[in-house]
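Derivation of every value follows stated rules applied to the coordinates shown; laboratory data play no part. Since this is a predicted model, take the numbers as computed values, not measurements. Don't worry about glycine lacking a Cβ; one is built from the backbone with ideal geometry, like all the others, and counts go over all protein chains shown.
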Amino acid sequence: MDDKKIEVLVCSGTLCYLMGGSELQLLSECLPPDLRGMVDVKGSPCLDFCNHPKNGRPPFATINGRCIAQASVSLLIAEIRKEIKG
Amino acid sequence: MLIRRELITRVVRLLIENRLEEGINRIPIEMRPRKNGSVRCCVHKDRAVIKYKLMALLGYNISDEVDELTPLSDYARMANQRTELTDTVLTVVDEACSSCRKTSYQVTNMCRGCVARPCMVNCPKDSIKFVDGQASIDHTTCVNCGQCLKVCPFHAIVYMPVPCEEACPVGAISKSDDGVESIDITKCINCGKCMTACPFGAVMEKSHLVEIFRNKREGRKLVAMVAPAIAGQFSADMGKILHSFKELGFDYVYEVAEGADITTKVEAAELQERLESGAPFMTTSCCPAYTQLVDKHIEQLKPYVSHTHTPMYYAAQVARHNHPNDVLVFVSPCPAKRWESFHDPNVDYTLSFEEYGAWMVAAGIDVNALRSTEIERYPSGEGRGFGASGGVTQAVKALAPSTLKITDIQINGIDKAAIRQLKSFPKSCPGNFVEVMTCEGGCIGGCNVISNPKVALRQLKQAVEAAPSIVNQEV
């Protein structure tokens, strides 16, 4: 069961933090009850998306490796739902 | 907030490259290119707003402008030659101020024009008439009592605040004749709540970045004095955060928490002396927005405010003693501390937490990737704890004699209700030690912080636990 969890990596790089990324550290606590237990949220050192403008603007996170730009808690929850639906 | 941070990053990048004068005129164009659309009415308005925000980052009041044609490069040149600072910390970017409608109650089209008409019946000023079957408020006679909103059964009446005026706890920001907000410095306590509240980013804090970089270029040594709340600002331990200042080019770094240890010792002794001599209570004095509040608005509370100096004052005294000819830069969570730094004889300049973060981004430094510096002089955990609400109380209680019965009260954030409460204390105070923090959560909730205060508190707690207790320390 554990290996089917959706992996969310939240970038803790300086730029992401400066552009509001610290809010994402609260994602685990903000997950709706139906998503709890299905998502594994981890902090990460700089994911290096910020050095490539084509990735969009910070803060960044990944959901199962997929880059999410301008991430917010609500955007990540919506993207996690999309990921579950496939 | 994010635009402000991007602007700071761009300014610092130019300062690092020593080409502020050549590059600054381009920033509005780079940030708002012609073909990318505009946030406001047109790209030219957007660029004008950015220009004036940059003027504040160069350390100017927007009202200092005498000729609208003066380019940013001229301001940059003049800033580079500037020798005098002022204690006016906040400035309103009039170009960005949306001139929000005066605070008022408005009838929406949800009004059903009901027969009972409770809004009209209950209005004490007869300001409500019915026009074409809907309620209409005459704003020339309306006194904004809000009675109509309370009684409307359809919730058809809304309250439209002016965010900056609503947030200011002391009524220091108001409309001038042209509808643009202006700050009355005789009332302002520099808490920065207007800056946080304005959704147009129209209130800016004047920066000392130009001065700090100029001193560095001239070969002066820089001493960073970091406020305790810094521990919560990045997902990194204190060793890495302190190391980051060396990477930025600072020559020495002091934790202001060391000064907090002196504040604790002096304040605990003062509390004991006051209570034993019959004083009913004492309030803390480490938050400069609070002490300005008392000075300007609650005269009757003055005798009860501790005379103990702030952690920054003591830390600066030590740093100045050790570095008599160097440049002391206080790294700050809020504009009130910038104001305090100006009046401190030992502090030269202030760098906000936002400016510190933007500087790291501009310099390409990832604080997480740095090695953790071995900390030479550990402050106490209690000293570091000054960064959050309750920290001062905890520290003073730790050092006060066990025979002293302390009943503490915490004012966790100043708003109009808290001011009413504070005003009542000289007549009747339910405790004998009152800790006052102007920002909710303490300095980790200051208006220049980078991190969400909840996340910052966790990080700060780790820094507190990593340090020894003040009880076991020689202060």
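Across peptide B:439-452, the average count of Cβ atoms from other chains found within 10 Å of a residue's Cβ is 2.
Legend: translational diffusion of region B:218-472 by Stokes-Einstein, Rh = Kirkwood radius over C-alpha pairs, 20 °C, 1.002 mPa s; D = 116 µm²/s.
Let me spell out the model: positive unit charges on the Cβ of Lys and Arg, negative unit charges on the Cβ of Asp and Glu, origin at the Cα centre of region B:1-127. What dipole size does that give, in debye rounded to 20? List each step's numbers first, then the result.
On the way: 21 positive and 16 negative charges, 181 e Å.
The dipole magnitude comes to about 860 debye.
Counting Cβ atoms of other protein chains within 10 Å of each Cβ in A:19-26 and taking the mean gives 6. How charged is the neighbourhood of residue A:55? Take every other residue with its Cβ under 12 Å from the Cβ of residue A:55, and add Lys/Arg as +1 and Asp/Glu as -1. The answer is +2. Note on the protein assembly as shown: the alpha carbon radius of gyration divided by the globular reference 2.2 N^0.38 Å gives 1.04.
The relative contact order of region B:104-160 comes to 49 percent, based on Cα pairs under 8 Å that sit 6 or more residues apart. Can you give me the Cα centroid spacing of region B:1-23 and region B:331-382 in angstrom? Measuring centre to centre over Cα atoms gives 18 Å. In chain A, the longest principal axis of the Cα atoms and the axis of helix A:73-85 are about 50 degrees apart.
Find out how many positive minus negative residues lie around residue B:393, taking Lys and Arg as positive, Asp and Glu as negative, among other residues whose Cβ is under 11 Å from that of residue B:393. Provide the component values of the computation, followed by the final result.
Values: positive: B:397; negative: B:267, B:382, B:408, B:435.
The answer is -3.
When both region B:189-253 and region B:83-116 are represented by their alpha-carbon centers, they are found 30 Å apart. Normalised by 2.2 N^0.38 Å, where N is the number of residues, the C-alpha radius of gyration of chain B stands at 1.08. Taken over region B:1-158, the convex hull of the Cα atoms encloses 184 Å³ per residue.
Shown for B:16, B:414, B:262, B:29: other C-beta atoms within 10 Å of each C-beta, ranked fewest to most, produce the order B:29, B:16, B:262, B:414. As a proxy for reagent exposure, ranking B:225, B:78 by other Cβ atoms within 10 Å from fewest up yields B:78, B:225.
Beyond 27 Å, what share of the Cα-Cα pairs of region B:325-475 is found? Please give it as a whole percent. Provide the component values of the computation, followed by the final result.
Values: 3828 of 11325 pairs.
Summing the P(r) of region B:325-475 above 27 Å gives 34 percent of all pairs.
Could you work out how far the C-alpha centroid of region B:392-456 sits from that of region A:13-86, in angstrom? With region B:392-456 and region A:13-86 each reduced to a Cα centre, they are spaced 35 Å.
Would you kindly calculate the mean projected area, averaged across all directions, of the convex hull enclosing the Cα atoms of region A:2-85, in square nanometres? Could you put the intermediate results ahead of the total?
Working: hull surface 20.4 nm².
One quarter of the hull surface, i.e. the mean projection, equals 5.1 nm².
Computed over region B:104-160, the alpha-carbon pair-distance distribution with 5 angstrom bins reads 4, 23, 39, 26, 9, 0, each value a whole percent. A cut-off under 13 angstrom between Cβ atoms defines the neighbours of residue B:463, and their net charge, with Lys, Arg +1 and Asp, Glu -1, is 0.
Would you list B:57, B:72 from fewest to most Cβ contacts within 10 Å? Working shown, then result.
Values: B:57 27, B:72 24.
So the residues, fewest neighbours to most, are B:72, B:57.
Tell me which DSSP H helices of chain B clear both cut-offs, 27 Å or more of axial length from alpha-carbon atoms and a mean Kyte-Doolittle hydropathy of at least -1.0. Those that clear 27 Å and a mean of -1.0 are B:257-276. Pair-distance distribution of region B:120-205: all C-alpha pairs, bin width 5 Å, starting at 0; shares per bin in whole percent are 3, 13, 19, 17, 12, 13, 13, 7, 2, 0. Inter-chain neighbour count for B:391-404: the average number of beta-carbon atoms from partner chains within 10 Å of each residue's beta-carbon is 0.
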